[in-house]
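The values are calculated or read from the model by the stated rules, or taken from the named source; none is laboratory data. Since we're looking at a predicted model, the values are computed, not measured. A quick note on method: Cβ atoms are made from the backbone with ideal geometry, for glycine too, and the neighbour counts reach across all protein chains shown.
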């Protein structure tokens, strides 16, 4: 039986999602909690997430799946509510399971996803600095021109090779479809970047934000973003901004009847000119 797990976490004290020996990670904490509640060894409980967040990055809308061995667990919705409550009861306070349901046929938290949506939040006025928000809002000492940042962002939206904004891994593609990249201010005045893509490579969102902040400060022109993109290599002038301003807000999936086809498409080996990539 495959379970879908919807969860949230404060990434401040984690070394990212993926389990690592000797380090505190979201996957590690969650696995330990399920191990305790289900009374099964960790070797039987592999939790797969939709987006492997980096150290210090938060999530409100993370999605994961867990395959249970035969005879373990119940499909009764009420029992799954109790399971979520018990996992939260023994788990760490900075990771919260919001919902557990039986996953529909063909569901895969990673490969079935259509897109991931992140938000990056910046307080660029001392009047907005709130110590109670310091864990998830970046305090920036200089004002940002969001119109200029949106002009620059327009050069980056679409299907591109984002090698200039990614920490490359051997054998992994850096081609992504960036569906949305925009900036606006909330009612509280906080500048919020909305970033949506089919998938992201390592450090991509924070590098994009670093590029746009340079434009927002008028240190670079909006056209500079296009120059960096077409260079297709990491440029030391692009700063990877702080992790704590970044939150995974939402992951979208197709209708149940289309899940299996989506998984087959995104998990297949692709050539560099294909659109859909799922590395994170």
Of residues in the stretch 6-52 being in contact (Cβ under 8 Å) with a residue 40 or more places away in the chain and more than 19 Å from residue 87 (Cβ to Cβ), the one surrounded by the most Cβ atoms within 10 Å (Cβ to Cβ): 51
Residues being more than 19 Å from residue 109 (Cα to Cα), modelled with pLDDT under 95 and either in contact with a strand residue (DSSP E or B) (Cβ under 9 Å, 6 or more places away or on another chain) or buried (at least 21 other Cβ atoms within 10 Å of the Cβ) (or both) - total across the stretch 53-76: 1
Residue within the stretch 111-123 that is out of contact with any strand residue (DSSP E or B) (no Cβ under 8 Å at 6 or more places or on another chain) and without any contact (Cβ under 8 Å) to a residue 12 or more places away in the chain present: no
Some residue of the stretch 89-97 being within 26 Å of residue 254 (Cα to Cα), surrounded by fewer than 19 Cβ atoms within 10 Å (Cβ to Cβ) and modelled with pLDDT of 95 or more: yes
Flag if residue 52 is closer than 28 Å to residue 205 by Cβ, in a strand (DSSP E or B) and outside the structural domain of residue 195 (by TED's automatic domain parsing): no
Residue under evaluation residue 40, criteria (1) outside any loop (DSSP other than H, G, I, E, B); (2) over 14 Å from the mean Cα position of the chain (by Cα), criterion not met: (1)
Residue match in the stretch 247-257 (condition: without any contact (Cβ under 8 Å) to a residue 12 or more places away in the chain, surrounded by fewer than 17 Cβ atoms within 10 Å (Cβ to Cβ) and out of contact with any strand residue (DSSP E or B) (no Cβ under 8 Å at 6 or more places or on another chain)): yes
Count of the stretch 206-246 residues which are without any contact (Cβ under 8 Å) to a residue 40 or more places away in the chain and in contact with a strand residue (DSSP E or B) (Cβ under 8 Å, 6 or more places away or on another chain): 0
Filtered residues of the stretch 244-279 (kept if within 20 Å of residue 64 (Cβ to Cβ), modelled with pLDDT of 80 or more and touching a helix residue (DSSP H, G or I) at 6+ places or on another chain (Cβ under 8 Å)): 246, 253, 254
Some residue of the stretch 137-146 being touching a residue at least 12 places away in the same chain (Cβ under 8 Å) and either closer than 28 Å to residue 254 by Cα or under 17 Å from the mean Cα position of the chain (by Cα) (or both): yes
Any chance residue 127 is in contact with a helix residue (DSSP H, G or I) (Cβ under 6 Å, 6 or more places away or on another chain) and assigned to a helix (DSSP H, G or I): no
